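All remarks here apply to the structure that follows.
We did not get these values from a lab; they are worked out from the coordinates using the rules stated. Since we're looking at a predicted model, the values are computed, not measured. Counting neighbours? That spans all protein chains shown, and the Cβs are built from the backbone with ideal geometry, glycine included.
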Amino acid sequence: MAHGTHDYEDDPRNRDVLINIGGEYFPRDEAKVSVFDSGYILGDGVWEGLRVHGGVIAFLDRHMKRLYEGAKAIDMDIGLSAEALKARLYETIDRNEMREGGHIRLMVTRGIKATPYQDPRVTIGDPTIVIIPEFKAPLKSTLEKGLKLFTVHVRRGAPDVQDPKLNSHSKLNCITACIQAAKAGADEALMLDPHGFVATCNSTHFFIVRDGEVWTSSGRYCLGGITRSLVIECARDAGIPVYEKDFSLTDVYGADEAFVTGTFAGLVPVSDVDGRHLGDEGASLPGLMVTRLRALYKARIEEEISKGRV
């Protein structure tokens, strides 16, 4: 059975988490938004996925920068300063006694509509801000056995259609890619850009390793991933050659290793792409490069924790 990077260990504490909606707290089963909300009607909004380690929301400033840039791009005033929103996030994890292994979905939509229609001018009231904290750890089997990817026909679009750099609520492009990969028996979709070069996966960023070098896409047709950028920084700081460049599926099939990155699971190895086993037959996962990069990324998280709630 296919699985994905976001599969997680069941945690009974999640039944009792408190969801923050507009600064008020609700039990999980009672947390609701209006059917007239812009997010529900149109997918009109932006969001972030965040990780809690040692009572600290890791790399929060980077996530806030991306969130507010996305809101500005769609001409949406979040209605709170970044510092006020950070305080609300920390209040939420404290109310839920969350210090380790936490995952937060922060969602901001344009708010309630007077009527179901796309024009932002029929929005009434303030933006809807929802914070969902959960205790979530990625499955060990995912981290150890890796993922099988399938290259789908659904492409990452050009920015003049729907800019892939926007972390918007409108995710049908990625959802249809995910569906095609699942139907093919894979764990996640590998998506190409409009020119046929490798772009990204449907919910994570994709890297390959060839002859000691780390390659990832040019970045022109994918979200500006936080973990992606951190892994690139870690590699360069450690003297590992890393390149953001165009490359094709032929380069992927001949790779020594491959992996994906994301806020939730960090670095996850890839075992197969389109039925081709990557690297040497019988080689254990994760490979040497993924193991090294994981250690470097973990050190960056520990450094982030040591700064405290800045």
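Among the GluC sites (Glu not before Pro) within region 31-106, those in coil by DSSP and having at most 15 neighbouring Cβ atoms inside 10 Å are Glu97, Glu100. Annotation: lysines with alpha-carbon distance below 21 angstrom to Lys145 (same-chain offsets under eight excluded): Lys136, Lys183, Lys298. A Förster distance of 35 Å, applied to the separation of the beta-carbon atoms of Ala73 and Glu281, puts the FRET efficiency at 0.15. Remark: region 28-102 carries a charge dipole of roughly 240 debye about the Cα centre, counting +1 on each Lys and Arg Cβ and -1 on each Asp and Glu Cβ. The lysine pair count for region 12-135, using Cα distances under 24 Å and pairs eight or more places apart or on different chains, is 5. Extension gain, Glu100 to Ala184, is 26.7 nm, computed as 0.36 nm per intervening residue step minus the present C-alpha separation. Centroid-to-centroid, using Cα positions, region 194-266 and region 28-71 are 25 Å apart. Computed from Cα positions, the angle between helix 226-237 and the longest principal axis of the chain comes to roughly 40 degrees. Projecting the Cα atoms of Phe247, Val154, Leu80 onto the charge dipole of the chain (Cβ charges, centred on the Cα centre) puts Leu80 farthest toward the positive pole.
Magnitude of the Cβ-charge dipole of the chain, K/R +1 and D/E -1, about the Cα centre, nearest 20 debye?
Working: 38 positive and 45 negative charges, 62 e Å.
My answer is approximately 300 debye.
Dipole size in debye (nearest 20) for region 221-310 around its Cα centre, Lys and Arg Cβ +1, Asp and Glu Cβ -1? If you can, show how the numbers build up before the last one.
Values: 10 positive and 14 negative charges, 100 e Å.
Dipole about the Cα centre, nearest 20: 480 debye.
With R₀ set to 35 Å, the beta-carbon distance separating Tyr243 from Glu302 gives a calculated FRET efficiency near 0.85. Between Val35 and Glu233, what's the calculated FRET efficiency when r is the beta-carbon distance and R0 is 35 Å? Round to 0.05. E between Val35 and Glu233, to the nearest 0.05, is 0.25. In the chain, helices alone account for a calculated mean residue ellipticity at 222 nm of -8500 deg cm²/dmol, with every DSSP H run of four or more residues adding -39,500 (n - 2.57). Listed by Cβ neighbour count within 10 Å, with the fewest neighbours leading, Val46, Val310 appear as Val310, Val46.
Look at the alpha carbon pairs under 8 Å that are at least 6 residues apart: their mean separation over the length of region 140-306 gives a relative contact order of 26 percent. Taking other C-beta atoms within 10 Å as the exposure proxy, Leu80, Leu106 rank Leu80, Leu106 from fewest upward.
Checking the a/c ratio against 1.5 first, then a/b against b/c, what shape does the Cα gyration tensor give for region 12-135? Mind dumping the intermediate values first?
Working: a/c = 2.44, a/b = 1.47, b/c = 1.66.
Oblate, since a/c reaches 1.5 and b/c is not below a/b.
For region 216-241, backbone nitrogen atoms closer than 14 Å to the point 7 Å from His195 Cα along Cα-to-C-beta are found at 217-222.
Hey, got a sec? Which GluC sites (Glu not before Pro) in region 240-310 land in a DSSP loop and have at most 10 other Cβ atoms within 10 Å?
Glu281
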